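Have a look at the structure below before the remarks.
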Amino acid sequence: MTELIYLFALLISSLSILFVVVFFVKKNQSVEQAILITELKKQRQEFFLPNRVEAYQRAILFLERINPNSLVMRMQNPGLPAPMFQALLLKTIRDEYDHNVAQQLFISTIGWKILQDSKEETIKLINIASGKMEESADSLALSSFILSLAGELDQLPTEIAIDFLKKEIQSLF
């Protein structure tokens, strides 16, 4: 009977030691895993952060370039009929957008949606202005009308998008 008690005590102590070893190994494993995950996140941040910053810079540059005020002034071509000037403005916006479309990989979904909405609202503004022009109007008349419509807005869609993207990029730091 005493042999059975010794055997039972030996079994309990062996299982206790085994339990303690397994417990500490698992705890050590989870700590190492947490450290590894933190290190991987840090490396991923170091790798992607410059690309994200560049994407936000390019997105803001795109928005600045399609801002009706700067777009009209940059693309002005006196003597061009208003419909041709409208087509030129719309083509410029679409070309700029196509040139920057890959930036959506690094910009949040909401940020990219706001950028797209801003682009569409700017196109709408140009089309509204063009639709109210006489067929004989020239680019100067259309430019003037676009600028006056833009001036009536409290805040241009491009300005709203720029503000949002600036706040978003600042939250990364």
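Every read-out reported here was derived from the displayed coordinates using simple, explicitly stated rules and does not represent laboratory data. Model, not experiment: these values are computed from the prediction. No Cβ is skipped: glycine too gets one built from the backbone with ideal geometry, and neighbour counts run over all protein chains shown.
Observations on the model:
- Based on every Cα atom in the range 45-123, Rg and the maximum pairwise Cα distance Dmax equal 14.5, 51 Å.
- Most fluctuating residue given options GLU64, GLU159, GLU134, as computed from a GNM of the chain linking Cα atoms under 10 Å: GLU134
- Sites THR109 and LEU40 - FRET efficiency at Förster radius 30 Å, r taken between beta-carbons, to 0.05: 0.85
- Per-residue Cβ neighbour rank within 10 angstrom, fewest leading, MET1, MET84, MET75: MET1, MET84, MET75
- Over the chain, DSSP H runs of length four or greater, each weighted -39,500 (n - 2.57), average out per residue to a 222 nm ellipticity of -29000 deg cm²/dmol.
- At 0.890 mPa s and 25 °C, Stokes diffusion of the range 92-173 via Kirkwood alpha-carbon radius, µm² per second: 172
- The range 109-138-the range 20-35 distance, computed between alpha-carbon centres (Å): 59
- Reported label for calculated P(r) over Cα pairs in 5 Å bins from 0, in percent given (i) 1, 8, 13, 13, 10, 8, 7, 5, 4, 4, 3, 3, 3, 3, 3, 3, 2, 2, 2, 1, 1, 0, 0, 0; (ii) 1, 8, 18, 22, 22, 15, 8, 4, 1, 0, 0; (iii) 1, 7, 15, 18, 18, 13, 11, 8, 5, 2, 1, 0: (i)
- Near-label residues of the range 71-101 by backbone N, under 20 Å of a point 7 Å along Cα→Cβ of ASN51: 98-101
- For the residues LEU125, LEU105, LEU15, a GNM of the chain with alpha-carbon springs under 10 Å puts the largest fluctuation on LEU15.
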